[in-house]
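A quick write-up on the structure given underneath.
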Amino acid sequence: MITIYHNPRCRKSREGLQILENSGKDFEVVKYLDEPLSEVKLNEIIRVLGIKPIDLVRTNEAIWKSEFKGKDLKDKDIVSAMVKHPKLIERPIVISDDRAVIGRPPSLILDII
């Protein structure tokens, strides 16, 4: 099953969703701002993406700059920040079986579907 972690207010996320809709494949949409991710789930997503937690953070968000930038944070602290402030999570994230991408640019989604 394909899953997209989606923010409808984000243009890139909407473009990613359009790619999935055009693919004709079945997929699930998780609006992670409405359905917050647990630390366990977020760690699982990070593992499948094969990245460090900081690589999933939108570091230009005001909340990051005001509360976290410049601090010596461990990976678990970064994950906790994203759980508490899901707006910090880069999007869209698309997972298909054991492969995943951050859809920036959205065309990367084509590589795993």
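The values are calculated or read from the model by the stated rules, or taken from the named source; none is laboratory data. If you're wondering where the values come from, they're calculated on a predicted model, not measured in any experiment. In this analysis, Cβ positions are derived from the backbone assuming ideal geometry, glycine residues included, and neighbour counts consider all displayed protein chains.
Looking for something surrounded by 16 or more Cβ atoms within 10 Å (Cβ to Cβ), farther than 19 Å from Ile113 by Cβ, out of contact with any Ser or Thr (no Cβ under 8 Å at 6 or more places or on another chain) and of a type in the set (A, V, I, L, M) - is there at least one such residue anywhere in region 18-25? So that I can check it myself, show each step before the final result.
Step one: list which residues in region 18-25 are surrounded by 16 or more Cβ atoms within 10 Å (Cβ to Cβ), which gives 19-20.
When the remaining residues are screened for being farther than 19 Å from Ile113 by Cβ, the result is none.
Within region 18-25, none of the residues are surrounded by 16 or more Cβ atoms within 10 Å (Cβ to Cβ), farther than 19 Å from Ile113 by Cβ, out of contact with any Ser or Thr (no Cβ under 8 Å at 6 or more places or on another chain) and of a type in the set (A, V, I, L, M).
Look at Ile46 and say whether it is modelled with pLDDT of 95 or more and touching a Lys or Arg at 6+ places or on another chain (Cβ under 8 Å).
Yes.
Please verify whether region 102-109 includes one or more residues that are more than 20 Å from Ile4 (Cβ to Cβ), at pLDDT 95 or above and part of a helix (DSSP H, G or I). Reasoning before the result, please.
We begin by selecting, within region 102-109, every residue more than 20 Å from Ile4 (Cβ to Cβ); these are none.
Within region 102-109, not a single residue is more than 20 Å from Ile4 (Cβ to Cβ), at pLDDT 95 or above and part of a helix (DSSP H, G or I).
Residue by residue through region 84-96, note down the ones that are within 26 Å of Leu20 (Cβ to Cβ) and outside any loop (DSSP other than H, G, I, E, B).
Pro86, Lys87, Leu88, Ile89, Ile93, Val94, Ile95, Ser96
Scan region 101-111 residue by residue and report those that are over 10 Å from the mean Cα position of the chain (by Cα) and either buried (at least 19 other Cβ atoms within 10 Å of the Cβ) or free of Cβ contacts under 8 Å to residues at least 40 places away in the same chain (or both).
We begin by selecting, within region 101-111, every residue over 10 Å from the mean Cα position of the chain (by Cα); these are 104-111.
Scanning region 101-111 gives Pro106, Leu108, Ile109, Asp111.
Please count how many residues of region 30-53 are surrounded by fewer than 13 Cβ atoms within 10 Å (Cβ to Cβ) and aliphatic (A, V, I, L, M).
Residues meeting the conditions: 1.
Every residue in region 1-13 that is out of contact with any Asp or Glu (no Cβ under 6 Å at 6 or more places or on another chain) and surrounded by 16 or more Cβ atoms within 10 Å (Cβ to Cβ), please.
Those that are out of contact with any Asp or Glu (no Cβ under 6 Å at 6 or more places or on another chain) and surrounded by 16 or more Cβ atoms within 10 Å (Cβ to Cβ): Ile2, Ile4, Tyr5, His6, Asn7, Cys10, Lys12, Ser13.
List pairs: first in region 26-40 and modelled with pLDDT under 95, second outside any loop (DSSP other than H, G, I, E, B), Cβ under 6 Å, 6+ apart or cross-chain?
Pro36/Pro86
Only residues that are assigned to a helix (DSSP H, G or I) and surrounded by 14 or more Cβ atoms within 10 Å (Cβ to Cβ): list them for region 71-83, please.
Matches in region 71-83: Ile78, Val79, Ser80, Ala81, Met82, Val83.
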